[in-house]
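Structure first, commentary second.
The values are calculated or read from the model by the stated rules, or taken from the named source; none is laboratory data. If you're wondering where the values come from, they're calculated on a predicted model, not measured in any experiment. No Cβ is skipped: glycine too gets one built from the backbone with ideal geometry, and neighbour counts run over all protein chains shown.
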C-alpha cells in the first residue's frame with residue numbers, strides 16, 4: 001500500500017487560508033496527519049489550526065502573484081493611501097473576520113472550533129487598531145521613509161489573499177484590489193455580539209438565572225441562620241422575620257456614605273500610578289494603587305468615630321439591613337454597568353460576557369474595564385469598599401462581643417479571627433498592584449457577579465466567623481492558640497511568596513532575578529513556570545489560601561458546621577477556578593500545556609490533588 005504524498009513538509013513556510021474567510025496569512029507547517037489528511041500549521045500570533053491542502057498556498061508563488069498585481073511604487077503612492085493607513089484599516093477588519101470565522105464555519109472539527117475561539121484573544125491584540133508596538137514602529141518608519149513603501153506594501157499584500165478575480169479591465173491597481181479586499185472582509189465579518197464571547201461559564205445561560213436568584217438568597221440564609229441561638233443546620237430553615245426587618249433607610253445611607261468615602265480616598269493623588277496588563281487593543285490602563293493609604297485613613301477615621309462616642313455595635317444589630325442595602329446598591333450598579341456596556345467599543349468588551357443572552361451577560365459582565373474618566377469601577381470595587389469594609393465589620397463584631405458578655409477585651413478566638421483577616425486584607429492592599437495580573441482584572445467583565453461579590457459576598461459572608469463568635473464564644477488554650485498562629489503563618493508565607501513570584505514573572509519574564517526559574521515555552525510566545533513554588537503544584541497560591549482559611553475557622557471550634565462555611569466554600573471555589581484555568585490554558589497552549597501537566601502533576605495539594 002502506497003503512502004499518500006505529502007506536498008508540504010514540517011517547517012515549510014507557506015500561506016494558509018483563515019477558515020471561513022478568503023484571507024491568507026503566513027504560517028509554518030508543524031506536521032501532517034495521514035488519517036485526517038490535514039496539515040497542522042501555526043500562525044505568527046501562535047494560533048494553531050488544521051488546514052486542508054487546498055487551503056494552503058506555496059509562499060513563493062503567492063508572493064509572485066501578489067507582486068504581479070501591483071503598480072510601480074510611484075504610481076501607487078500617487079493613487080492610494082499609504083501602506084501604514086492600509087494596515088490600520090485592514091487590521092481591525094481582520095480581527096472582525098476572525099470573529100466571523102469563529103462563529104460561521106460549521107464544517108470545522110471540534111478542536112479547530114476551540115482554537116478559533118482562542119484566536120479571538122490571541123489575534124486581536126496583535127492586529128487590532130495597529131496598537132501593537134512593532135506595527136506602530138513599522139508604520140512610523142513607512143510614513144517617514146518614502147523609499148521603503150514598496151517593501152512595506154509587499155509585506156501587507158503577503159498577509160492577504162489577493163488572488164486574481166474576473167474583471168472587465170484586466171489587472172487593477174493594487175490600491176483598488178486592496179479596497180475590494182477590505183469590502184469583502186467587511187461583508188464576511190459583520191459578526192454578531194455573541195462572537196465576542198468565549199465558552200460560557202457557571203452553567204451557561206440557565207446557570208445565570210440560577211446564580212442570580214441563589215446568591216442573594218444564600219447570603220440572607222447565612223445571616224438569618226447564624227443569628228439563631230442554636231445555628232445548627234438541623235434547624236433549617238431559619239424563621240423569617242417580618243418584611244420590615246429587612247429594610248432600614250439609615251442602613252442604606254451608611255452603605256452609600258461608606259462607598260463615597262472610599263471613592264474619595266481612591267481619587268486622591270496619593271500613591272503610585274500602576275500600569276495594567278496589555279489589553280486586546282495593546283493599550284495599558286493606569287490604576288491608582290493607594291489601597292494601603294485608604295485602609296490606614298479608614299482605620300484612623302473609625303478610631304476617631306469611636307472616641308467621639310459612635311456606637312459601632314450598630315453594625316451587629318443591623319447586620320441584615322446592611323446586607324440588604326448593599327445588595328440593592330450592587331443590583332443598581334450592575335444595571336448601570338449593563339446599560340453603559342452597549343456603548344463600549346468591541347475591544348473594550350469582555351470576551352466572556354457577550355453571549356447575546358441578556359441575563360447571562362448581565363450576570364457575567366459585558367465591559368472589561370468600565371471607567372468614568374480615570375475612575376476604574378471594577379478595580380475600585382474589587383479592592384476598596386467591600387475589602388476594607390470586611391475589616392470594619394470584624395472590628396464592630398469584636399466590640400459587640402465585649403458589650404454582650406461584659407468583657408474588657410475580646411476573646412482569644414475573636415482576636416485571632418480579626419488579626420488573621422486584617423493581615424490578609426492589609427497584605428492585599430500593600431501588594432495591590434498584584435491584582436492587575438489576576439483573572440478578575442484581565443479577563444472577567446464587570447457585571448453582577450463581581451459587583452455582588454465585591455460589595456455583598458465578601459463583607460457579609462467572610463465575616464461569618466466573627467459574627468458566630470459574638471453569640472457563641474469558644475475558649476482556646478495557649479497551645480491551641482500557638483498551633484493556629486503557626487498554621488496561619490505557614491499559609492500566609494506560601495500565599496505571598498507564590499503570588500509575588502507569579503506577578504514578577506508575568507510582568508517581566510526576562511528579569512535577571514528570575515533566571516533560576518525553569519519554564520516550558522509555548523506557541524503563543526509565553527512561557528509556563530515549572531520550578532519555584534509553581535513547580536510544586538499548579539496553584540501554590542490556592543494552597544496557601546486554603547491553609548489560611550483553615551486557620552480562620554479553627555478558632556470557632558467544632559460545635560457547629562456553619563462557621564466552617566468559609567472553608568467549605570473556598571474549597572469549592574478554588575476547585576472550580578482550577579477547572580476554568582485548566583480548560584482555558586489547554587485551549588491557549590495546546591501540547592505545551594499537556595507537557596506542563598506531566599511535569600507539575602498536582603493541582604493544589606501535593607500528592608493529594
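Which residues, taken from the range 240-264, are touching a helix residue (DSSP H, G or I) at 6+ places or on another chain (Cβ under 8 Å) and more than 30 Å from residue 291 (Cβ to Cβ)? Listed by number, the residues that qualify are 240, 241, 245, 246, 247.
Condition check ((1) farther than 16 Å from residue 362 by Cα; (2) within 31 Å of the chain's Cα centre (by Cα); (3) buried (at least 23 other Cβ atoms within 10 Å of the Cβ)) across all residues:
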{"site": "437", "(1), (2), (3)": "yes, yes, no"}
{"site": "444", "(1), (2), (3)": "no, yes, no"}
{"site": "447", "(1), (2), (3)": "no, yes, yes"}
{"site": "464", "(1), (2), (3)": "yes, yes, yes"}
{"site": "467", "(1), (2), (3)": "yes, no, yes"}
{"site": "471", "(1), (2), (3)": "yes, no, no"}
{"site": "474", "(1), (2), (3)": "yes, no, no"}
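Just to be sure, is residue 52 outside the structural domain of residue 589 (by TED's automatic domain parsing), more than 30 Å from residue 346 (Cα to Cα), at pLDDT 80 or above and crowded, with 16+ Cβ neighbours inside 10 Å? Criteria not met by residue 52. Of the helices (runs of 4 or more DSSP H) entirely within the range 460-553, those holding at least 1 residues that are farther than 25 Å from residue 386 by Cα occupy 478-507, 540-553. Just one of the listed residues (562, 550, 554, 543) is at pLDDT 85 or above, in contact with a helix residue (DSSP H, G or I) (Cβ under 7 Å, 6 or more places away or on another chain), under 17 Å from residue 226 (Cβ atoms) and not assigned by TED's automatic domain parsing to the domain that holds residue 414, and it is 562.
Quick check: is even one residue across the range 369-381 at pLDDT below 90 and buried (at least 17 other Cβ atoms within 10 Å of the Cβ)? No, the range 369-381 contains no residue that is at pLDDT below 90 and buried (at least 17 other Cβ atoms within 10 Å of the Cβ). Scan the range 378-401 and give yes if some residue there is over 30 Å from residue 317 (Cβ atoms) and either in a loop (DSSP other than H, G, I, E, B) or within 20 Å of the chain's Cα centre (by Cα) (or both), otherwise no. For the range 378-401, residues over 30 Å from residue 317 (Cβ atoms) and either in a loop (DSSP other than H, G, I, E, B) or within 20 Å of the chain's Cα centre (by Cα) (or both): present. Checking each residue in the range 330-350 for being closer than 30 Å to residue 226 by Cβ and touching a helix residue (DSSP H, G or I) at 6+ places or on another chain (Cβ under 6 Å) picks out 330, 333, 334.
Yes/no matrix, rows are residues, columns are (1) in contact with a helix residue (DSSP H, G or I) (Cβ under 7 Å, 6 or more places away or on another chain); (2) free of Cβ contacts under 8 Å to residues at least 24 places away in the same chain:
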{"position": "426", "(1), (2)": "yes, no"}
{"position": "468", "(1), (2)": "yes, no"}
{"position": "478", "(1), (2)": "no, yes"}
{"position": "486", "(1), (2)": "no, yes"}
{"position": "495", "(1), (2)": "yes, no"}
{"position": "525", "(1), (2)": "no, no"}
